[in-house]
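Accompanying notes for the structure given below.
Any read-out appearing in this document is the output of simple, stated calculations on the displayed coordinates, not a laboratory observation. Fair warning: this is a prediction, and the values are worked out from it, not measured in the lab. Here the Cβ positions follow ideal geometry from the backbone for every residue, glycine too, while neighbour counts run over all protein chains shown.
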Amino acid sequence: KSNIGHLEAAAGIAGLIKVALALREGELPPTLHAAPANPEIPFAELGLAVQVRLEPWPDAGQSRIAAVSSFGFGGTIAHAVLEEAPRAADGGGPDDGTHQQSSRSASSSPLLVSARDQTALRAQAQRWAAFLEANPHTRWVDVVRTAAERRSHLDWRASIVAHDIAEAVDALAALAHGRAHPSLTVGEASTRDGVVFVFPGQGGQWPEMGRAMLSECPAFAESLAACDAALLPHTGWSVIDVLRGVRQDEVPPLDRVDVVQPALFAMAIGLAAAWRDLGVSPTAVVGYSQGEIAAAVVAGVLSLENGARIVATRSRFLRRIAGSGAMATVGLDLDALRTRLREAGAALSVAGVNTPTSTVISGDCGAIDAFVSRLTADGVFCRRIDVDYASHSGAVDLLLDDIAAALAGVSSDAVACQMVSTVTGDPVAPGQLDALYWYRN
């Protein structure tokens with residue numbers, strides 16, 4: 001009240017917020033205009049004192065406890081007791097420990113900024129940049145959560161994924177001045193377009209991925225159980241045991257291609273089920289590499305049983321060439337990549353075109369390493385993908401006959417929602433996804 005006056009019905013919650021912040025920060029904030037103390041109140045006899053200056057809240061080796069009282073005009077009295085919450089060791093950044101590579105000082109969670117039009121969006125970005133510059137030690141998780149859950153999402157939108165506060169400020173400044181930035185995506189929302197589910201290929205996996213969701217998301221867990229039942233006849237092991245990190249002889253390691261691909265297939269199906277349970281259903285789907293198998297199942301083009309058969313069979317044959325090759329992502333467009341490959345005389349294949357400025361190469365380990373080193377020295381972004389074989393290259397040609405024979409009779413159903421093929425670039429037609437298609441994939 002001494003800071004902001006009498007808020008009537010909101011007075012109690014203002015005090016609650018102030019005490020909660022004092023507990024979190026470990027500081028005792030002063031009450032303004034309380035000195036000198038009223039001589040008619042025997043503070044010493046009552047064991048009371050008015051806080052008149054900002055001071056550290058002494059740490060007595062146990063949780064701090066505080067109380068807030070609120071006295072209503074009509075005689076209602078409320079008294080809330082708050083205890084300090086256990087501190088999560090996140091170093092100021094929002095690493096929640098759910099990903100084994102989460103070691104950065106800021107999160108992969110995006111900062112969402114929106115406004116009615118482009119001019120207002122730039123002004124909003126300028127305000128965010130000024131706030132973060134003035135408060136560089138702000139917890140990133142609080143920033144992104146507030147922006148995502150406590151702000152309206154208007155038509156003009158921007159998303160910023162930054163490694164730290166400084167990068168976020170740079171991206172916000174770029175947005176404010178109408179410039180491009182690698183961490184920044186800007187666009188206008190459209191109610192005419194639906195949601196597209198995009199299913200990735202191999203390389204982004206980590207040990208015990210999905211473990212928390214198995215315990216916390218019933219829709220995900222139910223879907224994983226169905227995937228487990230569909231995969232088991234083809235694999236002989238439980239994909240749920242693999243994802244839970246069960247240490248038993250009969251549970252194979254995740255780093256094998258014939259294990260990681262079925263595991264990623266199950267994860268993708270489970271995540272789609274979780275989104276649908278939240279009311280988010282796709283208008284269209286697209287899949288990358290083996291992720292296209294999961295996309296086909298979610299689109300209703302393949303049955304779960306056929307999808308499980310395809311991913312288990314292909315990955316089992318791919319194990320024959322495991323350890324013989326490598327792949328890498330390159331930050332060049334297709335024409336520039338082909339030029340650099342010719343200049344280097346590298347016997348490598350273009351395995352995929354991810355975006356207009358991002359491509360994938362595939363081939364012999366030594367050739368990949370040499371080419372990556374050469375481009376990196378020239379300042380071109382390159383990164384090895386976490387695979388040990390040369391997928392999407394001539395190295396898989398020797399598997400054609402075996403895959404075609406093993407998947408003979410596989411057929412696709414009518415398309416339930418639109419699926420765009422990353423093999424052809426066109427919408428998938430009924431009956432198109434046969435054994436030869438999955439070899440070409």
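Here are the numbers for the structure shown:
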quantity: Radius of gyration and Dmax over the Cα atoms of the chain, both given in Å; calculated: 28.2, 97
quantity: Convex hull volume per residue for segment 139-280, taking Cα atoms only, in Å³; calculated: 161
quantity: Rounded to 10°, Cα long-axis angle of helix 11-25 versus longest principal axis of the chain; calculated: 70
quantity: Segment 7-87: chymotrypsin sites (Phe, Trp or Tyr not before Pro) falling in loop per DSSP and having at most 12 other Cβ within 10 Å; calculated: PHE73
quantity: Simple spin-label estimate for LEU154 and HIS79 in nanometres, 7 Å along Cα-Cβ; calculated: 4.6
quantity: Relative contact order of segment 111-193, pairs being alpha-carbon contacts under 8 Å that are 6 or more residues apart, as %; calculated: 39
quantity: GNM top mover of SER391, SER63, SER223 - the chain, alpha-carbon springs below 10 Å; calculated: SER63
quantity: Distance in nm between pseudo-label sites at GLU222 and LEU16 (7 Å out along the Cβ direction from Cα); calculated: 3.4
quantity: Label-point gap, in nm, between LEU28 and ILE41 - each point 7 angstrom along Cα→Cβ; calculated: 1.5
quantity: All-pairs alpha carbon distance profile, segment 111-193, 10 Å steps from 0, percent; calculated: 19, 56, 23, 2, 0
quantity: Value of relative contact order over the chain, rounded to a whole percent, pairs C-alpha under 8 Å and six or more apart; calculated: 10
quantity: Projected area averaged over orientations for segment 266-415, convex hull of C-alpha atoms, nm²; calculated: 10.5
quantity: Value of [θ]222 nm, deg cm²/dmol, for the chain, DSSP H segments ≥ 4, -39500 (n - 2.57) each, nearest 500; calculated: -11500 deg cm²/dmol
quantity: Normalised alpha carbon radius of gyration of segment 325-387 [divisor 2.2 N^0.38 Å]; calculated: 0.95
quantity: Bridge type composition, the chain - antiparallel percent by DSSP, nearest 5; calculated: 80
quantity: Tilt relative to the chain, helix 257-277 - C-alpha long axis, 0 to 90 degrees, to 10; calculated: 50
quantity: Between segment 391-420 and segment 173-216, the alpha-carbon center distance in angstrom; calculated: 28
quantity: Segments 110-116, 382-388 sorted - mean Cβ within 10 Å per residue, highest first; calculated: 110-116, 382-388
quantity: Residues ALA416 and ASN354, FRET efficiency given R0 of 30 Å [Cβ-Cβ distance, rounded to 0.05]; calculated: 0.70
quantity: Gain in span if fully extended, VAL423 to ALA130, counting 0.36 nm per residue against the direct Cα distance; calculated: 100.9 nm
quantity: Charged-residue dipole, Cβ positions (Lys, Arg, Asp, Glu), segment 325-387 about Cα centre, Debye nearest 20; calculated: 20
quantity: Unit charges at the beta carbon, dipole of segment 111-193: most positive-side option, VAL161, HIS181, ALA125; calculated: ALA125
quantity: Cα principal axis extents for segment 8-83, largest first, Å; calculated: 40, 29, 21
quantity: Difference of contour (0.36 nm per residue) and Cα-Cα distance, ALA120 to SER2; calculated: 39.0 nm
quantity: Estimated FRET transfer efficiency (ALA336, VAL196; beta-carbon r; R0 30 Å; 0.05); calculated: 0.65
quantity: The chain: angle of helix 365-377 to the longest principal axis, Cα-based, in degrees nearest 10; calculated: 50
